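Undergrad: Sharing a structure below in structure tokens format, with a few things to ask.
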2 protein chains.
Amino acid sequence: MQICQHIEDVRQQGAAWQREGLSVGLVPTMGYLHRGHASLIEAAARENARVVVSIFVNPLQFGPTEDLASYPRDLGRDTELCEQSGASLVFNPSPEELYPPGFCSYVIMEAGPSLGLCGASRPGHFRGVCTVVAKLLHLVQPHRAYFGQKDAQQLAVIRRMVLDLNLPTAIIGCPIVREADGLALSSRNTYLSPEERRAALCLYEGLLAGNNLVKAGDADTEVVLRAVRERIEAEPLARIDYLALVDPLDMRPVPDLSGPTLCAAAVYMGTTRLIDNLLLKD
Amino acid sequence: MQICQHIEDVRQQGAAWQREGLSVGLVPTMGYLHRGHASLIEAAARENARVVVSIFVNPLQFGPTEDLASYPRDLGRDTELCEQSGASLVFNPSPEELYPPGFCSYVIMEAGPSLGLCGASRPGHFRGVCTVVAKLLHLVQPHRAYFGQKDAQQLAVIRRMVLDLNLPTAIIGCPIVREADGLALSSRNTYLSPEERRAALCLYEGLLAGNNLVKAGDADTEVVLRAVRERIEAEPLARIDYLALVDPLDMRPVPDLSGPTLCAAAVYMGTTRLIDNLLLKD
């Protein structure tokens with residue numbers, strides 16, 4: 001497995017693979033990898049001859065009051081996990097490599113799936129995500145790129161961007177990987193105290209409570225949302241940032257439960273913001 | 001020569017050429033082609049095995065009070081010129097093909113060469129240019145793309161976008177083609193009355209007057225700008241939109257004539273806005 005810091009090295013390797021007719025999968029990450037990331041790399045390795053994993057804590061997608069400086073990093077452990085999961089190349093650029101002096105071009109989304117939810121709570125977040133993903137797609141020129149469904153809005157935004165800008169890469173969403181008790185894996189789980197870790201389960205249990213009501217069949221959106229909210233708010237350490245029933249493609253609130261419905265939530269456990277979601281209707 | 005209206009047809013042809021190892025040049029145009037465009041297509045045909053010419057009057061780069069509806073169109077004559085100049089494929093999509101319902105992703109430039117000049121006179125113009133050029137680069141995946149130096153700021157903006165977003169295409173700037181009397185070729189010259197057409201020469205003659213002062217060696221920026229302005233304003237039909245001495249890479253005003261200097265101007269002849277420029281120092 002190669003490890004590259006520089007754009008030109010990745011570009012040359014990608015071009016060489018292209019000349020050989022090898023398919024390439026890309027897994028963009030911010031590092032501090034867990035089994036969720038491993039599942040993305042494994043999926044990419046199954047479906048492509050070569051796999052590039054980018055490890056880059058993208059400053060552009062963090063707000064001024066967010067956790068850029070404290071975001072966890074462990075490159076040694078990350079590269080080991082990449083190799084074990086089937087990666088061919090790890091791209092680990094510096095911020096200056098991707099955003100050199102004079103950088104001033106951005107990919108933005110003015111409507112559609114970028115509005116609301118994390119788009120409302122984190123101004124500029126999806127501008128940062130779209131810009132860095134577009135850069136990585138241009139650099140690596142992958143046939144397929146893999147994203148976790150935990151970041152459901154990010155996945156919807158990237159699908160829309162790829163469609164709108166006619167990028168030639170197929171975007172693959174992969175299932176959320178959870179701890180044994182149901183907590184969705186996240187690099188930010190490392191921030192949680194033991195007490196917050198126990199309390200954090202309210203997020204998934206809330207989603208399950210909503211799911212049970214939908215399966216029982218006679219609930220409307222208000223009833224479902226109330227059940228999810230009550231389970232989360234039963235936990236004194238939890239503070240809801242947002243909770244919504246949305247269309248999983250355009251991420252707009254659904255008026256009723258007649259079509260595809262995703263329940264998406266962001267919850268603060270102390271100072272740590274966790275997100276999770278569950279598809280209540282397909 | 002093929003003529004395609006649909007994205008998928010262009011994408012498939014591009015992929016086929018790529019599999020065959022053929023180099024591809026792209027010439028993005030808004031149609032109503034003249035010898036300036038022909039020189040771009042000919043350059044692309046010399047340097048690439050296949051040449052794609054896009055003909056698309058891009059609504060996204062026109063302001064609400066600009067000439068989108070009246071912009072001249074003549075697809076029959078255009079395709080003939082493309083074939084004679086060595087094009088392999090003409091891509092002539094509808095606005096709905098490139099901007100379907102729900103479209104909401106854009107490439108923007110927040111600083112650098114997009115500020116000032118046309119960026120100031122035409123709000124949103126470079127957002128439209130960057131977005132459509134990024135789309136065409138994604139669709140066609142050319143090795144090289146060709147742009148005229150008449151749109152000097154557009155060329156600088158596209159170079160910056162390609163650098164910032166790590167697009168794999170080489171951007172080639174081609175010399176301005178002029179009428180026998182010096183007027184830069186432009187599809188918008190067709191708007192000019194015979195009287196305006198004669199008067200329009202003041203633009204190039206103004207640039208030449210500035211150039212002569214720089215070559216004589218003892219002028220500063222104020223003296224040069226005054227000479228250009230005086231020649232243009234000697235023409236009662238002319239109204240200057242902007243006139244500036246700028247760095248040809250970042251398009252910012254130069255403080256003196258010690259480095260590379262481009263004289264760029266936009267001038268209204270009646271209701272027709274013409275642009276032109278001349279490199280005074282390399």
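Every number here is computed from the coordinates shown, using simple stated rules; none is lab data. These figures come from a predicted structure and were not determined experimentally. Ideal geometry is used to build each Cβ from the backbone, glycine not excepted, and the neighbour counts take in all protein chains shown.
Undergrad: Amide H of A:Phe91: which non-local residues (sequence gap of 5 or more, or other chain) have their own amide H closer than 5 Å, using H built in the peptide plane?
TA: Those lying under 5 Å, H to H, from A:Phe91 are A:Cys4, A:Val53, A:Ser54, A:Ile55.
Undergrad: Could you run the Karplus curve 6.51 cos²θ - 1.76 cosθ + 1.60 with θ = phi - 60° over region B:29-40 and give me ³J(HN,Hα) per residue in whole Hz, x for Gly and Pro?
TA: Karplus values, whole Hz, x for Gly and Pro: 9, 9, x, 6, 6, 10, 4, x, 4, 4, 5, 5.
Undergrad: Now for a different question. Through the Karplus equation 6.51 cos²θ - 1.76 cosθ + 1.60, θ set to phi - 60°, convert the phi angles of region B:8-14 into ³J(HN,Hα) values in whole Hz; use x for Gly and Pro.
TA: Whole-Hz 3J(HN,Hα) from phi for region B:8-14: 5, 5, 5, 4, 5, 5, x.
Undergrad: Starting from a label point 7 Å past Cα on the Cβ side, list the distances from B:Pro64 to the same position in the other copies, nm, shortest first.
TA: Output for B:Pro64: 3.1 nm, nearest copy listed first.
Undergrad: Exposed loop sites here are GluC sites (Glu not before Pro) in DSSP loop states with at most 16 other C-beta atoms within 10 Å. What is the longest stretch of chain A lacking them?
TA: A:180-282
Undergrad: State the Kirkwood hydrodynamic radius of region B:27-92 in Å, one decimal place, computed from all pairs of distinct Cα atoms.
TA: Evaluated over region B:27-92, this radius sits at 12.3 Å.
Undergrad: Which listed residue (A:Thr79, A:Pro59, A:Asn166) has the Cα farthest towards the positive end of the charge dipole for chain A, taking +1 on Lys and Arg C-beta and -1 on Asp and Glu C-beta about the Cα centre?
TA: Projecting each Cα onto the dipole axis, the largest value belongs to A:Asn166.
Undergrad: Can you tally the net charge around B:Glu83? Count Lys and Arg as +1, Asp and Glu as -1, for every other residue whose Cβ sits under 14 Å from the Cβ of B:Glu83.
TA: Once positives and negatives cancel, what remains is -1.
Undergrad: Same structure again: Can you compute 3J(HN,Hα) from phi for each residue in region A:178-188, using the Karplus curve 6.51 cos²θ - 1.76 cosθ + 1.60 with θ = phi - 60°, rounded to whole Hz and x for Gly and Pro?
TA: After applying 6.51 cos²θ - 1.76 cosθ + 1.60, I find 10, 5, 4, 7, x, 4, 5, 5, 7, 4, 6 Hz.
Undergrad: Which of the aspartates and glutamates could be linked to B:Lys135 by a straight reach, that is with a Cα gap under 14 Å, when you skip same-chain ones fewer than 8 residues away?
TA: Within the straight-line cut-off, B:Lys135 pairs with A:Asp164, B:Glu8, B:Glu96, B:Glu97.
Undergrad: Among the lysines, which fall within straight-line cross-link reach of B:Lys215, defined as a Cα-Cα distance under 26 Å, with same-chain neighbours fewer than 8 residues apart omitted?
TA: The reachable lysines, counting only those whose Cα sits under 26 Å from B:Lys215, are B:Lys150, B:Lys281.
Undergrad: With the Cα gyration tensor of region A:39-181 giving a ≥ b ≥ c as the square roots of its eigenvalues, does the rule (a/c under 1.5 for rounded; else a/b larger than b/c for prolate; else oblate) give rounded, prolate or oblate?
TA: Rounded is the answer for region A:39-181, as its axis ratio a/c remains below 1.5.
Undergrad: Taking amide H atoms as placed 1.01 Å from N in the peptide plane, list the residues 5 or more away in sequence, or in a different chain, whose amide H sits under 5 Å from that of A:Asp241.
TA: Those qualifying (amide H under 5 Å, at least 5 residues apart or on another chain) are A:Ala266, A:Val267, A:Tyr268.
Undergrad: At B:Leu68 and B:Glu80, where each label point lies 7 Å from the Cα along Cα→Cβ, what is the point-to-point distance in nanometres?
TA: Distance between label points: 3.0 nm.
Undergrad: Let me ask something additional. Would you mind pulling out the separation of the Cα centroids of region B:129-146 and region B:48-83, in Å?
TA: 15
Undergrad: Here is a follow-up. Shape verdict for region B:71-147, please, from the Cα gyration tensor: rounded (a/c under 1.5), prolate (a/b greater than b/c) or oblate.
TA: Prolate is the answer for region B:71-147, as a/c is 1.5 or above and a/b outweighs b/c.
Undergrad: Would you mind listing the distances between the A:Lys281 label point and the same position in each other copy? Use 7 Å along Cα-to-C-beta, nm, one decimal, shortest first.
TA: Taking the point 7 Å beyond Cα along Cα→Cβ, the inter-copy spacings are 6.9 nm.
Undergrad: Now, a different point. Tell me, what is a quarter of the convex hull surface for the C-alpha atoms of the protein assembly as shown, in nm² with one decimal?
TA: 28.6
Undergrad: Considering the dipole of region A:101-161 built from charges on the beta carbon (Lys and Arg +1, Asp and Glu -1) around the Cα centre, which of A:Gly119, A:His138, A:Tyr106 is farthest to its positive end?
TA: Of the options given, the answer is A:His138.
Undergrad: Using a ≥ b ≥ c from the Cα gyration tensor of region B:224-282 (square roots of the eigenvalues), is it rounded, prolate or oblate, where a/c under 1.5 gives rounded and otherwise the larger of a/b and b/c decides, a/b for prolate?
TA: Since a/c reaches 1.5 and a/b is larger than b/c, the shape of region B:224-282 is classed as prolate.
Undergrad: Can you list the copy-to-copy distances for B:Pro255, using a point 7 angstrom from Cα toward Cβ, in nanometres, shortest first?
TA: Result for B:Pro255, in nm, nearest copy first: 6.1.
Undergrad: Which whole-number percent gives the relative contact order of region B:2-112, counting Cα pairs below 8 Å spaced six or more residues apart?
TA: Relative contact order comes out at 36 percent.
Undergrad: Under Stokes-Einstein, with the Kirkwood radius over Cα pairs standing in for Rh, what whole-number D in µm²/s applies to chain B at 25 °C and 0.890 mPa s?
TA: 125
Undergrad: Average partner chain C-beta neighbours within 10 Å, per residue of A:133-146?
TA: Neighbouring Cβ atoms belonging to other protein chains average 2 per residue here.
Undergrad: Binning every alpha carbon pair distance of region B:187-275 at 10 Å from zero, what are the percents per bin?
TA: 18, 47, 27, 8
Undergrad: I would also like to ask the following. Is there a quick way to get the dipole size of chain A? I mean about its Cα centre, with the Cβ of Lys and Arg at +1 and of Asp and Glu at -1; what is the value in debye to the nearest 20?
TA: Dipole of chain A, to the nearest 20 debye: 300 debye.
Undergrad: Which residues' amide hydrogens lie under 5 Å from the amide hydrogen of B:Arg178, considering only partners 5 or more residues apart or on another chain, with H built in the peptide plane?
TA: Placed amide hydrogens put B:Leu185 under 5 Å from B:Arg178.
Undergrad: Within 10 Å of each Cβ in peptide A:64-70, how many partner chain Cβ atoms are there on average? Round it to a whole number, please.
TA: For peptide A:64-70, the averaged partner shielding equals 0.
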